[in-house]
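Participant: Sharing a structure below in structure tokens format, with a few things to ask.
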Amino acid sequence: MPHAAIFDLDGTLLDSVDLHAIAWHEAMVKFGHDVSFEQARSQIGKGGDKLIPVFLSQEAQRDHGQELDAWRSEHFKAKYLPLIRPFSAVPDLLKRSRDAGLRIAIASSAKKDELENYLDIASITKLVDATTSSDDVEESKPEPDIFEVVLKKLKVDGEDAVAIGDSPYDAEAAGKATVRTIGVLCGGFTEKELRAAGCIDVYPGPAALFACFLETLLAK
């Protein structure tokens, strides 16, 4: 059995991907960039350091990249954060994982202050042993930094952990840290996309993982 379960938040435990995509779309348009909701949504799962360069030239990044990211963050917290809800059975899944002897961690591309709010929204603050946010690392997903930091906090090797994420960027980052990944479809990416990025198994969402727990990598 693995020793740790490392969960992503947005799109994995929380129904927040569309809200993030809307905020990024609105931020891009405000600063003069023709980026559609669909284009922004395809990049959710990355931190701002990886998402912004997809749409802004180096000159634009230097000119207003940080200002755009800061505006997006405040806009999201003011307008969309109150609308976020957890997916079904999230606390149940984490409790089941703890009962199985797993240590629980959150590895998110969110900023630290956002992450703390998310734990409260999901009602899992007391169920988590360690967290890592984009503020703790030099590079966010799909680079492995977030997983490498959280593995050190948990004091486990990558081979002894399982990641649970909704995006290809979760699987790519985890794979670079030698962590196996379970994909979930509730973030909007397809099973084909998740498996191509390295997911070993794919489930509809947290409730399905909870219901099928003994059949998953978390129990094997």
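Every read-out reported here was derived from the displayed coordinates using simple, explicitly stated rules and does not represent laboratory data. Remember, it's a predicted structure, so these values are computed and weren't measured experimentally. Quick reminder, even Gly has a Cβ in these numbers, built from the backbone with ideal geometry, and neighbours come from all protein chains shown.
Participant: How many angstrom lie between the Cα centre of region 161-220 and the Cα centre of region 51-116?
Facilitator: 18
Participant: Ordered by packing density, taken as the mean number of other Cβ atoms within 10 Å over each peptide's residues, highest first, how do 66-78, 98-110 rank?
Facilitator: Working: 66-78: 16.1, 98-110: 21.5.
Answer by packing, highest mean first, reads 98-110, 66-78.
Participant: Determine the sum of side-chain charges near GLN61: Lys and Arg each +1, Asp and Glu each -1, restricted to other residues whose C-beta is under 11 angstrom from that of GLN61. Display every interim value, and only then the final one.
Facilitator: Details: positive: ARG62; negative: ASP49, GLU59, ASP63, GLU67, ASP69.
Net charge in that neighbourhood comes out at -4.
Participant: About its Cα centre, what dipole magnitude does region 24-123 give when the only charges are +1 on Lys and Arg Cβ and -1 on Asp and Glu Cβ, stated in debye to the nearest 20?
Facilitator: 460
Participant: Taking only complete DSSP H runs, can you tell me which helices of the chain stretch 18 Å or more along their own long axis by Cα positions and average at least -0.5 on the Kyte-Doolittle scale?
Facilitator: 17-30
Participant: Moving to a separate point now. Hey, rough spin-label estimate for ARG62 and GLU191, points 7 angstrom out along Cα→Cβ, what's it come to in nanometres?
Facilitator: Calculated label separation equals 4.8 nm.
Participant: Count the net charge of all other residues whose Cβ sits under 12 Å from the Cβ of ALA177, scoring Lys and Arg as +1 and Asp and Glu as -1.
Facilitator: On the way: positive: LYS141, LYS152, LYS176, ARG180; negative: GLU143, ASP145, GLU148, ASP157, GLU159, ASP160, ASP170, GLU172.
With Lys, Arg at +1 and Asp, Glu at -1, the neighbours total -4.
Participant: Given axes a ≥ b ≥ c from the Cα gyration tensor, I'd like to know whether region 132-197 is rounded (a/c under 1.5), prolate (a/b larger than b/c) or oblate.
Facilitator: Verdict is prolate for region 132-197.
Participant: Show the residues, 5+ positions off or on another chain, whose built amide H is closer than 5 Å to the amide H of VAL137.
Facilitator: Excluding prolines and chain starts, which carry no amide H, there are no hits.
Participant: Okay, moving on. Treat every Asp and Glu Cβ in the chain as -1 and every Lys and Arg Cβ as +1, leave all other atoms uncharged, and give the resulting dipole magnitude about the Cα centre to the nearest 20 debye.
Facilitator: With Lys and Arg at +1 and Asp and Glu at -1, about 560 debye.
Participant: Students often get this wrong, so check it: of LYS30/LYS141; LYS111/LYS141; LYS112/LYS220; LYS50/LYS77; LYS50/LYS220; LYS30/LYS50, which have C-alpha atoms separated by over 22 Å? Numbers along the way, then the final one.
Facilitator: Numbers: LYS30/LYS141 25 Å; LYS111/LYS141 13 Å; LYS112/LYS220 32 Å; LYS50/LYS77 20 Å; LYS50/LYS220 34 Å; LYS30/LYS50 19 Å.
As for pairs spanning more than 22 Å Cα to Cα, those are LYS30/LYS141; LYS112/LYS220; LYS50/LYS220.
Participant: Mind checking which of ALA177, GLY188, CYS199 is farthest towards the positive end of region 176-220's charge dipole, using Cβ charges of +1 (Lys, Arg) and -1 (Asp, Glu) about the Cα centre?
Facilitator: With unit charges placed on the Cβ atoms, the residue in question is ALA177.
Participant: Also: Under a Cβ-only charge scheme (Lys and Arg +1, Asp and Glu -1), can you give me the dipole magnitude of region 17-82 about the Cα centre, in debye to the nearest 20?
Facilitator: 200
Participant: Near the amide H of ILE106, under 5 Å away, which other amide H atoms are found, from residues 5 or more places off or on another chain, if H is placed in the peptide plane?
Facilitator: Amide H to amide H, under 5 Å and 5 or more residues apart or across chains, ILE106 pairs with PHE7, ALA130, THR131, THR132.
Participant: By the gyration tensor of its Cα atoms, with a ≥ b ≥ c the square roots of the eigenvalues, what is the shape of region 101-220: rounded for a/c under 1.5, prolate for a/b over b/c, or oblate?
Facilitator: rounded
Participant: Under 16 Å Cα-Cα from LYS176, which aspartates and glutamates qualify once same-chain neighbours fewer than 8 residues away are excluded?
Facilitator: ASP8, GLU138, GLU139, GLU143, ASP145, GLU148, ASP157, GLU159, ASP160
Participant: Suppose the chain between GLU116 and ALA78 were pulled fully straight at 0.36 nm per residue; how much longer would it get relative to their current alpha carbon spacing?
Facilitator: My answer for the length gained is 12.1 nm.
Participant: Still on this structure, please answer the following. In the chain, what % of DSSP beta bridges are antiparallel (nearest 5)?
Facilitator: Roughly 10 percent of the beta bridges in the chain run antiparallel, per DSSP.
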